[in-house]
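Read the figures in this text as sums done on the coordinates, not as results from a lab. Everything quoted here is computed from the prediction, not taken from an experiment. Neighbour counts run over all protein chains shown; Cβ positions are idealised from the backbone, glycine included.
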Amino acid sequence: MNGAFGKSWLWIAAVAFALLLPWCFYDFHTARHSGFMLSMLSQMGMMIILALSYNMLLGQAGLFSLCHATFFGIGGYATVHFLNAAGDGDLPLPMEIIPLLGGFSGLGLAIIFGYMATKQRATAFAMITLGIGELMATAALMFHHFFGGEGGVSTNRMIDHSLFGLTYASGVQVYYLILAWTLIATLAMFFLTKTPLGRMANATRDNFERAQFMGYDPRVVRFLQFSLSGLFAGIGGALYAITYEIVTFDALAGPLSANALLMAYIGGTTVFGGPVLGAVLITLLQSGVSLMSNSWLVYVGVLFISMVIFAPSGIAGLIMGHKPILRAGKLGQLVVPYIRVLVPGLLLVLGFVGLVELTSFLTIGAAQGKTLVLGGNKIDVHATMPWLVSAIALFGGGAWLRIEARHFRRVWDGLMADLKSADGKAERVLA
Amino acid sequence: MSIPASGTPALSIREITKSFGQTAIIRGVSLDIAAGERHAIIGPNGAGKTTCFNLISGRFPISSGEIYLNGERIDQLPPHKINRMGLSRSFQITSIFQRMSVFENLRCALLWSRGYRYSFWSPLWMQRELNAQAEFLLEDLNLHTRRDLPAGLLSYAEQRALEIGMTIAGGASVILLDEPTAGMSNTETDYAMDLIRRVTKGKTLVMVEHDMKVVFDLADVITVLVYGQVIASGPPETVRANPAVQEAYLGALVE
Ligand SMILES: Nc1ncnc2c1ncn2[C@@H]1O[C@H](COP(=O)(O)OP(=O)(O)OP(=O)(O)O)[C@@H](O)[C@H]1O
Ligand SMILES: [Mg+2]
């Protein structure tokens with residue numbers, strides 16, 4: 001049917017880009033790939049799976065889960081044990097299939113916990129999942145045999161059994177394995193949205209009573225959706241285990257569950273591909289900004305809060321909002337207004353970053369014996385000047401932005417009104 | 001009654017009661033509704049008409065009594081099971097899937113009765129027959145120009161029409177409609193009644209309605225509910241002539 005794969009060119013371009021990307025950071029002198037890039041790209045892959053599978057709950061079924069890392073983590077831990085068994089020759093399976101086993105581990109646990117959690121919906125559901133997350137975090141510290149306590153469990157991915165004769169000794173081989181599984185999982189999750197279950201998940205999200213009076217038990221819909229999302233999270237966890245060859249408490253604890261939520265929400269829960277954007281952005285922030293700044297989590301937090309307030313449909317939602325204007329060929333009219341909000345916006349951001357960094361260097365930085373360096377110049381965090389400049393940029397930029405934002409709003413509303421009346425005319429002509 | 005009562009009634013309600021906390025809202029209602037009958041339930045605001053629908057359709061549990069659908073007891077069953085046995089309803093306050101497209105709303109309403117259940121392996125875009133049926137319904141409801149619009153953006157009358165479509169889509173034999181024309185203009189009401197007549201042909205229809213013109217036009221049997229009790233039930237002429245009804249309800253509305 002038309003529309004089922006309507007945006008396929010975008011997906012194909014993304015895949016081609018992902019295939020080529022490691023070679024953009026290939027060092028021909030040493031004949032090696034950039035280890036940093038490969039590890040970041042690999043992480044993006046598993047985070048994409050985590051965020052997309054989380055959105056099967058939040059965006060598609062309206063289920064606010066707080067324990068999604070549980071299924072990612074269990075996939076990771078189980079995979080370590082599978083790899084160890086495979087290395088010992090007890091599990092005659094090739095590397096390429098192992099992530100599926102991790103997925104089944106996630107599925108199994110999601111069936112057990114989902115049976116309890118999906119009896120409820122809305123707030124009660126969220127509370128149960130919070131409990132499940134805590135339960136699993138405690139269990140991970142208690143059951144040493146499986147979880148390895150504080151230190152986690154480790155493995156060796158060179159199990160010497162591959163469908164393609166690969167050893168997975170190098171990062172780039174692992175990257176392509178992750179890319180392949182990210183692709184498979186993404187396609188499968190996309191497929192699910194086009195099935196009766198996927199549609200009824202949307203339906204129960206919008207109005208569970210109506211779904212009931214159409215013969216569907218919303219509980220069963222929730223349960224199946226929850227279990228399947230656990231399957232994919234488990235695959236993500238398996239890729240984690242394969243990449244890092246160690247799985248610790250972090251892979252299943254609360255912060256990663258929160259991360260899944262952040263990525264899906266910031267990317268946009270209303271569009272299938274939204275969480276992909278969120279996962280890419282957050283991973284970039286995490287790997288890139290965290291190198292430069294102690295305060296990267298502050299930025300993620302502020303970004304999240306701003307999105308919730310100003311753009312609840314996320315980045316993807318913002319982009320999709322431009323579609324009608326693009327179709328009418330009027331996107332050009334937005335360029336100037338965009339520049340006009342961008343300038344004060346940038347000023348505001350710089351001012352904010354300045355204040356955060358100054359504060360951070362005053363406290364943590366000082367304790368670590370670091371100094372703030374900007375463009376080669378050392379900056380004295382005890383002087384008044386940097387503080388003053390940052391504060392002026394923050395508040396001045398903010399005030400200016402308010403004015404420009406109002407102007408932008410007017411232009412936008414004007415465009416929307418134009419489109420509406422044009423639509424109306426077209427309809428009258430048709431009728 | 002225009003339809004001869006052949007065997008078991010389509011819907012049989014026996015002495016049902018319902019209390020919310022201490023207050024008795026439904027105080028012993030019994031009704032037999034024959035297959036194919038068009039049955040109107042009327043009564044003043046707060047009489048318990050919607051509550052009756054909620055009890056029949058399984059939305060609320062009854063406090064006592066029994067309800068049978070085509071001879072089978074349904075009063076202990078959850079809504080989705082009752083629906084699968086052939087009873088479908090609409091709501092007084094429009095109840096559709098706001099964020100999904102009009103087409104998708106109708107297709108979802110078809111799914112269960114077409115045997116798809118909870119399938120997560122059948123791609124919907126390949127289900128020719130199902131999609132054709134949804135398109136047909138769309139035409140039938142005169143909503144085809146709105147096909148891909150989120151249902152929440154339809155006009156009020158269009159949303160009501162969509163909900164009626166979703167109510168009958170599953171092929172239920174007993175249809176409960178709760179004030180389908182409330183809040184509509186005269187032309188909209190006429191259009192909605194035509195639609196209801198058309199799509200419920202051959203089915204048992206139970207309808208709560210305030211518009212007396214609509215009621216006397218359509219109904220084979222009218223039941224008057226006042227303060228949680230049936231004060232009269234029968235063909236329109238008898239009900240209209242009933243002095244108790246005149247006093248309690250109709251007198252105020254039709255002279
Ligand atoms: N869930 C509930 N909890 C408590 N009281 C309720 C509940 N539902 C309905 N009632 C009460 O039951 C009474 C009957 O309500 P109901 O909605 O059935 O009336 P109705 O006949 O449909 O009226 P209307 O014509 O206004 O739709 C009202 O007094 C209402 O306040
Ligand atoms: Mg009512």
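In this structure the amide hydrogen of B:SER90, modeled in the peptide plane, comes within under 5 Å of the amide hydrogens of B:LEU176, B:LEU177, B:ASP178, none closer than 5 places in sequence on its chain. Under the criterion of Cα pairs below 8 Å and six or more residues apart, the relative contact order for the stretch B:11-254 equals 27 percent. If R0 is taken as 30 Å, the Cβ-Cβ distance between A:SER39 and A:LEU135 corresponds to a FRET efficiency of 0.45. What is the calculated FRET efficiency for A:ASN84 to A:ALA169, with r their C-beta to C-beta distance and R₀ = 22 Å, to the nearest 0.05? FRET efficiency, A:ASN84 to A:ALA169: 0.80.
Separation of the alpha carbons by more than 26 angstrom is noted, of A:LYS119/B:LYS49; B:LYS18/B:LYS213; B:LYS18/B:LYS201; A:LYS194/A:LYS323; B:LYS81/B:LYS201, for A:LYS119/B:LYS49; B:LYS18/B:LYS213; B:LYS18/B:LYS201. Shape of the stretch A:3-117 from its Cα gyration tensor (a ≥ b ≥ c, root eigenvalues): rounded if a/c is under 1.5, otherwise prolate when a/b > b/c, or oblate? Oblate, since a/c reaches 1.5 and b/c is not below a/b.
Taking only DSSP H segments of four or more residues, each worth -39500 (n - 2.57), what value at 222 nm results for the protein assembly as shown once the sum is divided by all its residues, to the nearest 500 deg cm²/dmol?
Computed ellipticity for the protein assembly as shown at 222 nm equals -18000 deg cm²/dmol.
Distance between the pseudo-spin-label points of B:PHE216 and A:VAL349 (7 Å out from Cα toward the beta carbon): 7.1 nm. What the Cα atoms of the stretch B:98-238 give is an Rg and a Dmax of 17.0, 56 Å.
Annotation: extensible slack from B:TYR191 through B:GLN98 equals 31.2 nm (criterion: 0.36 nm per residue apart, minus Cα-Cα distance). Short-range pairs are left out: with C-alpha atoms under 8 Å and at least six residues apart, the relative contact order of the stretch A:160-286 is 14 percent.
Note: relative contact order over chain A, using C-alpha pairs below 8 Å and six or more positions apart, is 21 percent.
Over the stretch A:326-431, all Cα pairs binned in 5 Å intervals from 0 give whole-percent P(r) values of 2, 11, 15, 14, 11, 9, 8, 7, 7, 5, 4, 3, 2, 1, 0, listed from short to long. In order along the stretch A:17-28, the Karplus-derived 3J(HN,Hα) couplings, from 6.51 cos²θ - 1.76 cosθ + 1.60 at θ = phi - 60°, round to 4, 5, 5, 7, 3, x, 6, 6, 10, 8, 9, 6 Hz, and Gly and Pro are given as x.
Taking the empirical scaling 2.2 N^0.38 Å for compact globular proteins as reference, the stretch B:11-254 has a Cα radius of gyration ratio of 1.03.
The label-point distance for B:SER155 and A:VAL389, in a model that sets each label 7 Å from Cα toward Cβ, rounds to 6.1 nm.
The Cα center of the stretch B:144-219 and the Cα center of the stretch B:5-43 differ in position by 21 Å.
Projected onto its three principal axes, the C-alpha set of the stretch A:33-320 covers 54, 42, 37 Å, listed from the longest axis down. Let a ≥ b ≥ c be the square roots of the eigenvalues of the Cα gyration tensor of the stretch A:112-269; is it rounded (a/c under 1.5), or, if not, prolate (a/b larger than b/c) or oblate? Here the stretch A:112-269 falls in the oblate category. Residues in the stretch A:244-255 carry Karplus couplings, in order, of 8, 6, 8, 10, 10, 2, 4, 6, 10, 8, x, x Hz; the curve used is 6.51 cos²θ - 1.76 cosθ + 1.60 with θ = phi - 60°, and Gly or Pro positions show x.
When only alpha carbons are used to place a centre, the stretch A:299-344 and the stretch A:392-420 end up 11 Å from one another.
Placing a label point 7 Å from the Cα of B:ALA24 along the Cα-to-Cβ direction, the residues of the stretch B:215-233 whose backbone N falls under 20 Å from that point are B:224-233. Computed extension length for A:GLU209-A:MET116: 31.4 nm, one decimal, from 0.36 nm per residue of separation with the Cα-Cα distance subtracted. Over the stretch A:25-89, the pair-distance histogram of Cα-Cα distances with 5 Å bins from zero comes to 4, 13, 14, 15, 15, 14, 12, 8, 3, 1, 0 percent, rounded to whole numbers.
Each peptide among A:370-376, A:213-219 gets the average number of other Cβ atoms lying within 10 Å of its residues, and from highest to lowest they stand as A:213-219, A:370-376. With a Förster radius of 45 Å applied to the C-beta separation of B:SER63 and A:SER154, the computed FRET efficiency comes to 0.15. Shielding value for B:96-108 is 4, the average number of Cβ atoms from other chains within 10 Å of each residue's Cβ. Full extension of the chain between A:ALA180 and A:HIS145 gives 9.5 nm of extra length, using 0.36 nm per residue less the Cα-Cα distance. Judged by the mean number of other Cβ atoms found within 10 Å, the most tightly packed of the peptides A:236-247, A:298-309, A:19-30 leads the ranking A:236-247, A:298-309, A:19-30.
For the segment B:46-58, counting C-beta atoms of other chains within 10 Å of every residue's C-beta and taking the mean gives 0. Averaged over the residues of peptide B:112-118, the number of Cβ atoms from other protein chains lying within 10 Å of each residue's Cβ is 5.
Over the protein assembly as shown, all Cα pairs binned in 10 Å intervals from 0 give whole-percent P(r) values of 3, 12, 19, 20, 18, 14, 9, 4, 2, 0, 0, listed from short to long. Here the spin labels are modelled as points 7 Å beyond Cα on the Cα-Cβ line, and at A:LEU284 and A:LEU374 they lie 2.3 nm apart.
For the pair the stretch A:103-149 and the stretch A:38-89, the centres of their Cα atoms are 14 angstrom apart. Sparse packing (at most 15 other Cβ atoms within 10 Å of the Cβ) combined with a DSSP loop state is found for the following chymotrypsin sites (Phe, Trp or Tyr not before Pro) in the stretch A:107-161: A:PHE143.
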